[in-house]
Structures are given as structure tokens and as C-alpha cells.
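To start, the structure under review is shown below, and the notes come after it.
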Amino acid sequence: MIEPSLTPAWALPALVFVPMLGALVLWLLPRWQPLQRWLPAVLGLVLLPLMWPLGHAVAVDGAVTLALGGHRAPLGIEWYVDGLAVLLLGLNQTVAAAVGGYLWGAWPHAAQRHSPGFGVCWLLLWGALNALAMSADLFNIYVLLEIVSLGGVVLVVGRGAGAFAAAMRYLLFALTGSLIYLLGVALAYADAGTLSLRLLADAGLGAPAVTALTLGLMFKAALWPLHGWLPAAHAAAPTAASAVLSALVVKAAAYLLLRLWSDVFSGSWTPALLQALAVIGMTGVLFGSVQALRQVHLKRVIAYSTVAQLGYVLLLPALAGALAWQGVALHLLSHGLAKAAMFLAAGNVIIAIRDDRLDNLAGLDRVLSGNLFIFAAAGMSLAGMPPAAGFVAKWWLVRAAVDAGQWWWAIAVAASGLLAAGYVIRVLRAALASPDSFAEAPRHRARDLSPAMVAAPALLAAAAVALGLGAAWLGPLALAGSTWSLAP
Amino acid sequence: MTAYAALPLWLVLTSLVAAALIFALGEARRRARTVVNLGAAALKLVLVGVILDGVAAGHLFSVRLPLMPGFDLVLRADALTMLLSTLSAVLWLITTVYAIGYLEHSPHRCRFFGFFSLCVAATTGVAVAGNLFTFFVFYELLTLATWPLVVHRGTAAALAAGDVYLRYTLGGGALLLLGVVGLHAVAGPGDFTAGGFVPVDAAPAWLLTLLFLVMFVGMGVKAAVVPMHGWLPRAMVAPAPVSALLHAVAVVKAGAFGIVRLTYDVYGLSLVAALGVGLAVAAVAALTILYGSLRALTATDLKQRLAWSTVSQVSYILLGVGLGNPLASVGGLVHLVHQGLMKITLFFCAGAFAEVAGVKRVDELDGMGRRMPLTMAAFTVAALGMIGLPPLAGFVSKWYLGLGGLAAGQPWVVAVLVASTLLNAAYFLPMLRRAWFNSDGGAVEVREAPLALLAPTLIAAALALGAGLLAAMPWSPLQWVTLIAERVYLLAPPS
Amino acid sequence: MTALYAVTAGLLFGAGLYGVLARPGLIQRLLALNVMASSIFLYLVVLAAGDGSAAADPVPQAMVLTGIVVAVSVTAFALGLVRWFRSETGAASLESDALRRDDD
């Protein structure tokens, strides 16, 4: 067993600066092909093991604080890593390692090879996402959100006019959200005279600041009704980009909402307003699911599913409690793993059959049963089926709603799991259908897929399912350093 | 935790590992797949034998794996567990043989046998679940594992049936989730305990009743209780071994078994009686028995008729449980086994008729007695057992149910049983008459099913016959069920 | 006097938001975003000044400086993207007919 004393002091900067330095190197040496291929994968495999001692330290000793440059708040900027941050960092590193492996595996196929610009932006984005998970300063978060948005937009571009339009729309939404968030930062400073989340928690914020910060982050997280940019952008992006965007980028904003509402905003809205917020969240779940059920393209089904799945975050303020916190935290984690697996598997399907219309998937399980299995396993977690992690998250949320006496949310969460099952099954059903004639069976291009391109989503899906069995360990970790604790 | 006490875990793992191996082997490795299939089934049978012996001797089998704070995955074996897991282990072996023969030349065999094993793993999990939480986990897994089997053929009709199946069962699962969480919130975590673990004063009576009904509906979907039965006749598009499995062992039995657990080991008979929900269960069961039989009468497709018969017959189990009386319990629980043996025989026969002679409709059965005499003999034994002809298995069940109804002061039960028996006769006897006494006009040529189909059919029929004829012998289903009833009622006599 | 600046900042923010949401042209929308950003900077400067009795608070000023850097970079990036977008698709707005084919 690794002793926690090795870290975590230097693990935190490493998580941010290693990817960012990698981005710089890739940018300086665009023609060095082996480097372009290997660096993202190697960095992923290097940073992933750091999560173990970090998680261990947080679980045992509680949250870790690092004052950048030795200056503590309010003067300096602090990084703060509690259990939730560890979970998000773990998600970031896992998906980053898988995507790195996927890009590595796709490299020999010219059509799937990423450009130097793509690699640079991905590494930059990754470092910023890690920093977002740790930052405890409102303005620092603003700057990081901008980096994430720009990086994300670049990742979307690259596939013809559709992707350009989607990327432009994404950019406009993202910048609008950033500026509304920045307004919130200014208002918060006017209220409390500090930007540190730790100090803000004691000072209390006025309703305008809370509203602006929430609204800005809702833009970024693509929560209904501010989701308009997401489906086109995530569906049009290249495979690896879709996985990163849906699993990590919107997740970072959702994570910030969770963090702000549990530590900083608690008590600033009336219960009726909190219920209204939950209604918005669950309407998004319903809307996204129904849209996912109506899409004819595989990637759009998955993209709308992201709109749906993030809505659960807005239940937390209404249900406020340790179980809800654990539930939403695990939900974010399991959704990230499952969604990345689904996008990578869907990308493989598209490479193999050059098409992603559901109608044309018939007979797919003859050629791509592995990818279909991955999709099914990840979808199972998404729909909250036991024993996957999504199931445990759903269980905790239902239980939290029952305990809070808000049984209507218990019913809504249980029912929305059915909708998720519906759109996952719809895809599987299309793939299990017998093609009308042999000529219509999908053409074999499965040989275009290297083992790493299948292994990456397979490991992610396996993690999404297996984490359900680790709930006894993840639940307490999510609570470590948080404001919540479970009654004995 | 000794390895011996952990045997229930191994019981689940045998099928789970088999499923994983089969998926890993892929489509082409036919021989290896057969070895895994039969090896795992045989191993499971041995394990069942060992546990059966231990449970009879009063040994405790229990494994507890912490899954999340406050929730343990509890796997254990008690007498009730063994009723279902023995049935599923025995029928898994013979159904596997049948399925290997049945699907000899069709595509997707890897997928089929993988999910088939997964399905058995889930059923075993339902049987060995030691608390509601564990039960729910395997109950949902069963839904997922059976769906690929229902849509196996990939035709439009199969896909549509799969949709209906999922709509019903996932909906039921969501209700069950709400009920289980709700009960957990009012009564805390509790393992299945003879006599129940829910205190009478855990919550207001209306809330306890509501939670019971929500869970009853959630499980009743799988047990195909009217009006939640709609998926079952539709699911008939699946291949015959799947129908056999769905009807005799896996899905409907998981639902019925869950209701048995809910009544005996969660609420307990005294609380169920106090809330008055036991009679409600019995009444719904009686309605289902009659409705299913009536619909079977008008069905012209052979498998459809058998499906409606299942709707009717499974509710015998619930009738016995709902009456809350030792004799009725014996009748209901023993029917869990008897119906399984008889129904699987009937479906094996129906599959053989369709495969060998192309006979799918009831009116095509003319002369089948001469064309496929052995298969038809098996069909006849099972059909007569279903009707309840003494001393066959169905009669034993009905006899105890009737006695229990009278003892419970519910004489209408006897009327329901008589009416159902008449209806059973009305839809089974014409088939037998056609097969044995009508001629289809053509030259009679004896052409039996291949051995892989015929042998399981005959074995199943022999088991069905034996269960009735030898009901008084030790180790018969009846004796085992009597042991269960003694434990339930002696440990926790209803007040 | 402070209130006047704050109200002006609010009006500018509203105008910018309206522009982003309602104007079709991409350049116009980018300009509107810059108006929004400037309004927030104005508000922050007002915050820094306080009531004028003490020395100005450095934190909002630092935010404005950083914010301007971010805004300039983002605008440059966005303009580059708009040019690229235009050269690829021939469209200058997201509602353009040139995009109809792929927009579903």
C-alpha cells in the first residue's frame, strides 16, 4: 500500500501543470509524429495513479487545502480538495486516460488521426478541468471556465459546416454564460468583499449574486432550458471530443453548481424557490429523455441523454442532505464514465458502418457485438439498473427524497430511470433487429478498429458498472470534507 | 464465513461465470460452449444437492457483502430458497440440452446461451436473496437478462413483444424500487425473517398497506397477475426454450416467489392478516385464475393457449399464500414446483411440434398422437396434471388449496378451483382428443423429434408425473413444502 | 454618483444580453458580448472606488485587468473562428441559408 505522505502536496499542481506543459510541448513540436501520438496517452497513464494516494489522504484526513504561492485567502488563491473534488478528479483522470488510449489506438487510421491543434487543446482543456475541480476562488473559476469553453469549442470544430455552426452556437452560449457568471462574481464581491469560497460560506450572499452565478453555470452545464447548444455540438464533434465534452466539460459546471449550492448558497433561497429549481432540473430530465427517445441519429440520442442526466444536479438544493449529496456526486461520476464509454462505442460504430442512423444499425451485433455490449453496459448504469453505479446513485436520491418528505421527487427519479432505459433500449433494439435481407446487413469495417479503440470504452463501461459495488467506499469518500454527514 | 456457508454465493456464480465464459468464447466455439453450458448446469445441480441436504439438517448458509452503508448484499439459503433454486437448477440442465438441440442451426447462439445463463444466475439470485434489497438487485437483473432472449429472433413481432415486456417489467421494477425504499425508510433494513421483520407500529396502517400493495403490484407484473399480465402472451414469439424458461422457472416464478417472501418473511402472516391485504391478494389471484383460463379457452395458437394457462396457473401460488393458512400455503408453494414441471413439459412439446411437424395451431394437432407418440404422451401427462386429475401433480396442489380455503373459512375458494378445473379440462381435453382420436387424413408416418429435444421432454414429463404419484415419498416437493409450512407456521403462528 | 455608474452598468449589461440573444449577425453578437463584459468591468471599478473615503480596493481592479485580458483573448479567438466559419460555409450568421442543409 502506498503511504499517503508521498502526496498530496505536489499531486495537486501536477494534475494541472503536467497536462498544460504537455500542451505547450505538443504546440512547439507539431511535426514530431510519435510525440503527437504518445503524449496524451502517456500523460493519462501517469496522472491516473496519482488519484489513489490523493483519494486515500482525503478519505483518511479530510479535505486538503493548498494556498497557491503560499498566500492564503483572502489575499491569495486557494485550491481545496475534498471528497467530491477527488471524485471529479478521478473521473477526469480516468476519462483522460481512456481518451488518450483511444486517440493512440486511432492514430494509424489516417481518417481518425487527430491534428496537433486538437491535441494541444485537449491537454489544455484537461489541465483546466482539473484546476476547476480544485479551485476555491470565484474569479479563478471564471478564468478556468473560459479556458475550458475555448478548448471545448476547438474540439468541436473539424467536421464540415454542421460542426462549424454547432461550434459557433456553443461559443456564443458559453461566452454568454461566462459573462453572466462574471456578473455574479462581481455581485458576490459587492456582497461579501471576498472571492474565496471558504470565506463566502460564512458571509452569505444576496439573491442577485446567487441567481447570476447559478444562471451562468446553468448555461455552461447545458441545463434545460439553456441546453440549446449542446446536442448539435456534442453530436457533430469527433468521437473523442464528444466523449470529453459530454463526460467532463459540462460536468465541471454541474460540479460547481453542486459545490456552490452545498457550501455557499445554502439558506439564501426560500424553500419554494428551491422547489422551483428542482422542477427546472427534473423538467430538463424529462425533456432531454423525451428528445433522446425521438432522435434518429445515434450520437444525438447520447447527446440529449446528457441534457437529461445533468438535470438531477438541481435536486440537491431542495433535498439538501448527506444522502442527496452522495447520490448526486455518484451520479455525476457514473454518468461521466458511462457517457464517455457510450460516445466512444458510438464512434466505433460510425467508423465501422459509416452511418449513425438508428434504422441502419440492424444486424449490428454480428459485426460489433463488443461495442454493442459496451453501449448496453454503460446504458444500464445510466438507467440506474443494479448493480451499476447509476443504480446506487438513484437509490440514494430516492431515499433522500423519501427522507426529506418530498415523495414526489422519489417518484420522479424512479420514473426518469425508466425513460433512460427507454432510449438505451431503443438503440439496442435497433441493433438486434434482423436486417430485412443479407444485402442490408452492415458492411464489415470492424477491421478498422484497433484493440485500443474498443478497450478504452470497455474499461470505462466496466468502471461504471463496477463502481456500484464500491459504493460502500465511495459514499463516505463523497462526504469527506463536505458540509454533510450521515446520521448514525 | 466458511466456504460451506458461502455456498449460496457459488450457486449464483456458477451461472454467472458460465455466462461470462460463453460471451468470451464467441459464436464459433460450439463444442467449448456446450461443455461450459452443461458443466456449469451439472455443477450447479451438485451444489444444490449439497445445500439441500444441509438445509434439511438445519445448517445455516449465509453470505453478507456490504454494498453501501446500511445495505448488504445478503445471499443465503433457507427451505424456501431451495424450493426455487432446486427447480431452476434441475430445469436449467434439461432446458439447456433442449435449447442446444432446438437452436442447432440458428444464428446468435453465443448471445442466446450467454443471456440464458445470466437469466438463470438472476433467478438463482432471486431465490437466495436474503433481504429485499438483494432481491431487487437480482429481480432487475432478471428483467435485463431476459429481454435479449425475448427479442432473440429480431423480427418486428419479436421486437414489439420485447417492448411490451420491458414496459411492463421495468415499470414494475420502478414501483418495487419505490416500495422497497419506502419500507426501508419506515422499518429500517431487515433481512428476511420467518414471521416478518416489519413491526406493527412501524408506520400508520394505511402506509404499510400502501407499501405492501405497491410492492405487490411491482412483483405481480412478473407473476402476470391480472391486470398486469399483458406482456406474457405477447412474449410467446420467443423461441420455445425461452418460453419454457420464462413460464416455468424464471420470470413468472421470480414474481410469485417475491410475493411469497413479502408475505411470509417481510410483513409476516400476522401483519398481513391484520392489514387485510392477504385476502386482497387471494381475491386478485382468484380473478386471475378464472380470467386466464377463460382466455386460454379462446386462444387458437398453441403457445398462446399455454401462455394464458400460465397466467392462470401461477396465481394458484398466490392464492395459497394469500389465504394465510398452513394447508393453503402447502398447496400454493407446491404448485410453484408442480406448475414448473408440467408447464416446461408442455412448452417442450409445443416446440417439438413446431420444429418437427410445423404444427403451431391447436386445430393442426389432428393425428399428432400417431405421428409423434412419445412427445404427445408427455404432453398428455402434463395436460392431465394441469387439469388436476388424481393422483397427478396438479391434483395435489388443488387438493391442499381447497382444504386450506375451507380451513380459512373461505369456501368460495373451492368454487374457484372447481370452475378453474372445468375450464382447464375444457381447453386441454379437446387438444388431446384431436391428437389421439382425430386423423389428419394423410399417411401416418412416425417421426419423433431428435433426441436432444425428446429426452428433455420425457425427463420433464417423468418428473411431473413423479411429483404427483410419489408426493408422499421423502424429498418430494410436497414433503419439502410441508417442511417450509411447518417452519413458517410453527415459528410464527398467525395470531 | 456611484449609483449612476452602477445603473449604467446594469443598462449596458441588459443591452448586451439583448444583443447576444436577438441579433442575427455573428460580429454583432460578439460586439454585444463585449458590451456585457465592459459593463461588468464598469461595475467592478465602481466597487473598487467604494465611497471614495478610503484607498481604492485592489481586488476588483485586479479582476478588471485580468478580465480585460481574458476578454481580448476570447474576442480574438471568436473573430478567428467567425472568419474560418465564413470561409468554410459562406455564412455570416447561424440563421443563414447556407447552413440549412445540415441543421436538423
(request) Return the total of residues in the range C:51-68 being under 17 Å from C:T2 (Cα atoms), more than 10 Å from every other protein chain (Cβ to nearest Cβ) and touching a residue at least 12 places away in the same chain (Cβ under 8 Å). (result) 2
(message) Yes or no: the range A:197-218 includes at least one residue that is among the basic types (K, R) and within 26 Å of C:L30 (Cα to Cα).
(response) no
(request) Filter the range A:47-63 down to residues that are among the hydrophobic types (A, V, I, L, M, F, W, C) and in contact with an Asp or Glu (Cβ under 8 Å, 6 or more places away or on another chain), then give me how many there are. (result) 2
(message) The conditions are (1) more than 8 Å from chain A (Cβ to nearest Cβ); (2) under 23 Å from the mean Cα position of the chain (by Cα); (3) free of Cβ contacts under 8 Å to residues at least 40 places away in the same chain, and B:V186 fails exactly one of them. Which is it?
(response) (2)
(request) Being in contact with a Gly (Cβ under 7 Å, 6 or more places away or on another chain) and either within 14 Å of chain B (Cβ to nearest Cβ) or over 23 Å from A:L230 (Cα atoms) (or both) is the filter here, so list the residues in the range A:308-330 that pass it. (result) A:Q326
(request) Working carefully through the options B:A235, B:A274, B:A254, B:A244, find the one that is closer than 15 Å to B:G172 by Cβ, modelled with pLDDT under 90 and assigned to a helix (DSSP H, G or I). (result) B:A235
(request) With respect to B:L279, determine if the residue is in a helix (DSSP H, G or I) and within 16 Å of the chain's Cα centre (by Cα). (result) no
(message) Given the condition in contact (Cβ under 8 Å) with a residue 12 or more places away in the chain, assigned to a helix (DSSP H, G or I) and more than 30 Å from B:G196 (Cβ to Cβ), answer yes or no: does some residue in the range B:399-418 qualify?
(response) no
(request) Considering every residue within the range A:130-142, establish whether at least one is within 30 Å of A:S115 (Cα to Cα) and either free of Cβ contacts under 8 Å to residues at least 24 places away in the same chain or within 9 Å of another protein chain (Cβ to nearest Cβ) (or both). (result) yes
(request) Report, by residue number, each residue of the range A:340-363 that is crowded, with 24+ Cβ neighbours inside 10 Å and within 13 Å of another protein chain (Cβ to nearest Cβ). (result) A:L361
(request) Would you check if there is a residue in the range B:432-446 being assigned to a helix (DSSP H, G or I), out of contact with any helix residue (DSSP H, G or I) (no Cβ under 8 Å at 6 or more places or on another chain) and within 22 Å of B:L93 (Cβ to Cβ)? (result) no
(request) Identify, by number, the condition in (1) modelled with pLDDT of 90 or more; (2) surrounded by fewer than 24 Cβ atoms within 10 Å (Cβ to Cβ) that B:L341 doesn't meet. (result) (2)
(request) Out of the residues in the range C:12-24 that are surrounded by 15 or more Cβ atoms within 10 Å (Cβ to Cβ) and of a type in the set (G, A, S), state the one that is farthest from the other protein chains (Cβ to nearest Cβ). (result) C:G19
(request) Keeping to the range A:377-400, report how many residues are facing another protein chain (nearest Cβ under 7 Å) and part of a loop (DSSP other than H, G, I, E, B). (result) 3
(request) Name, by its number, the condition in (1) crowded, with 19+ Cβ neighbours inside 10 Å; (2) without any contact (Cβ under 8 Å) to a residue 60 or more places away in the chain; (3) touching a Leu at 6+ places or on another chain (Cβ under 8 Å); (4) facing chain A (nearest Cβ under 7 Å) that does not hold for C:L47. (result) (3)
(request) Give the residues of the range A:401-417 that are touching a helix residue (DSSP H, G or I) at 6+ places or on another chain (Cβ under 6 Å), assigned to a helix (DSSP H, G or I) and more than 10 Å from chain B (Cβ to nearest Cβ), sorted by residue number. (result) A:W409, A:A412
(message) Just to verify a result, which residue in the range B:447-458, among those that are in contact with a Leu (Cβ under 9 Å, 6 or more places away or on another chain) and in a helix (DSSP H, G or I), is surrounded by the fewest Cβ atoms within 10 Å (Cβ to Cβ)?
(response) B:L458
(request) Give the residue, chosen from C:A32, C:A9, C:A71, that is in a helix (DSSP H, G or I) and either under 19 Å from A:A209 (Cα atoms) or within 7 Å of chain A (Cβ to nearest Cβ) (or both). (result) C:A9
(request) From the list A:L171, A:L248, A:L175, A:L213, pick out the single residue that is away from chain C (no Cβ under 14 Å), in a helix (DSSP H, G or I) and under 21 Å from the mean Cα position of the chain (by Cα). (result) A:L248
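The values are calculated or read from the model by the stated rules, or taken from the named source; none is laboratory data. Computed from a predicted model, the values in this text were never measured in an experiment. Here the Cβ is made from the backbone with ideal geometry for all residues, glycine too, and neighbour counts use every protein chain on show.
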